[in-house]
1. Out of the residues in the stretch 123-134 that are assigned to a loop (DSSP other than H, G, I, E, B) and out of contact with any strand residue (DSSP E or B) (no Cβ under 6 Å at 6 or more places or on another chain), which is farthest from Ala96 (Cα to Cα)?
2. Check the stretch 88-107 and report whether any residue there is among the polar types (S, T, N, Q) and modelled with pLDDT of 95 or more.
3. Starting from the stretch 129-147, keep only residues that are touching a residue at least 12 places away in the same chain (Cβ under 8 Å) and closer than 14 Å to Ala63 by Cα, then list their pairs with residues that are aliphatic (A, V, I, L, M) and surrounded by fewer than 19 Cβ atoms within 10 Å (Cβ to Cβ) whose Cβ atoms are within a distance under 7 Å, requiring at least 6 positions of separation or different chains.
4. Quick check on my filter: what residues within the stretch 80-93 are closer than 11 Å to Val153 by Cα and buried (at least 16 other Cβ atoms within 10 Å of the Cβ)?
5. Which condition from (1) farther than 16 Å from Val10 by Cβ; (2) part of a helix (DSSP H, G or I) is the one that Leu141 breaks?
6. Do you know which residues across the stretch 144-168 are under 26 Å from Gly117 (Cα atoms), in a strand (DSSP E or B) and basic (Lys, Arg)?
7. Looking only at the stretch 46-55, which residues are surrounded by fewer than 20 Cβ atoms within 10 Å (Cβ to Cβ) and farther than 9 Å from Ala124 by Cβ?
8. Against the condition surrounded by 15 or more Cβ atoms within 10 Å (Cβ to Cβ), in contact with a Gly (Cβ under 8 Å, 6 or more places away or on another chain) and either at pLDDT below 95 or on the phi > 0 side of the Ramachandran plot (or both), how does Pro155 come out, does it pass?
Amino acid sequence: MVRYAGTGAVEWVESGGGPLVAVPEAVLPFWTGADGEETASDYDRACEVDGHVGLLPVGDSTALVLGGEPASTAFLPGHGTFVRWCAADSEDDLLACVPAALEAAEWEPEVRWHVPGAVLLFDAAWPGTESARAGHVRVVLEPGTYTVRAAHVRPGPETWLGLVHLRR
């Protein structure tokens with residue numbers, strides 16, 4: 001977890017170069033990251049996601065993969081949105097653009113994600129049981145099915161961001 005501003009700032013998660021993944025806490029021990037014993041590790045499966053979002057089975061649930069570029073990512077509960085920092089002069093500039101970016105976004109096709117409750121967002125290379133070592137953000141979600149849609153938006157000449165919006 002990284003903080004770019006003072007107290008009360010948004011918590012950001014960074015990747016070592018690959019995708020981020022939001023794994024339900026209930027199945028966190030089943031996410032093996034890059035350490036999997038299978039032919040293709042969970043990390044390999046996450047890297048194969050085509051587009052800005054995808055779903056992968058984990059235990060008896062599903063993880064949400066945030067694909068595309070490995071941008072710093074935060075969850076803004078007031079907007080129900082993961083915000084991915086692609087380019088901006090400051091955190092304040094980026095966050096100020098979010099409402100307009102949500103209005104202007106040209107969304108990719110939606111996916112449906114069923115979650116049993118809270119999820120942890122972290123670098124997909126880490127095993128779920130070690131996600132705290134790599135930095136993570138806990139996202140409190142009500143159990144149920146969410147429609148997930150993603151977009152890449154340029155609300156200003158120096159500001160680019162990715163959006164992953166969750167709706168119940």
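The values are calculated or read from the model by the stated rules, or taken from the named source; none is laboratory data. No experiment lies behind these values; they were computed from the predicted model shown. Because the Cβ atoms are built from the backbone with ideal geometry, glycine has one as well, and the counts that use them run over all protein chains shown.
1. Within the stretch 123-134, the subset assigned to a loop (DSSP other than H, G, I, E, B) is 124-127.
Now drop any that are not out of contact with any strand residue (DSSP E or B) (no Cβ under 6 Å at 6 or more places or on another chain), which leaves 125-127.
Values: Ala125: 31, Trp126: 31, Pro127: 34 Å.
This residue is Pro127.
2. no
3. Every condition considered, the pairs that remain are Arg138/Ala118; Val139/Ala118; Leu141/Ala118.
4. Initially, the stretch 80-93 is screened for residues closer than 11 Å to Val153 by Cα, giving 83-87.
If the condition is that a residue be closer than 11 Å to Val153 by Cα and buried (at least 16 other Cβ atoms within 10 Å of the Cβ), then Val83, Arg84, Trp85, Cys86 are the ones that fit.
5. With (1) farther than 16 Å from Val10 by Cβ; (2) part of a helix (DSSP H, G or I) applied to Leu141, the lone miss is (2).
6. If we filter the stretch 144-168 for residues that are under 26 Å from Gly117 (Cα atoms), which is where we start, we get 144-151, 162-168.
With in a strand (DSSP E or B) added as a condition, the list becomes 144-151, 162-167.
Within the stretch 144-168, Arg149, Arg167 qualify.
7. Taking the stretch 46-55 as the starting set, the residues that turn out to be surrounded by fewer than 20 Cβ atoms within 10 Å (Cβ to Cβ) are 47-51, 55.
Hits for the stretch 46-55 are Glu48, Val49, Asp50, Gly51, Leu55.
8. Working: surrounded by 15 or more Cβ atoms within 10 Å (Cβ to Cβ): yes; in contact with a Gly (Cβ under 8 Å, 6 or more places away or on another chain): no; either at pLDDT below 95 or on the phi > 0 side of the Ramachandran plot (or both): yes.
No.
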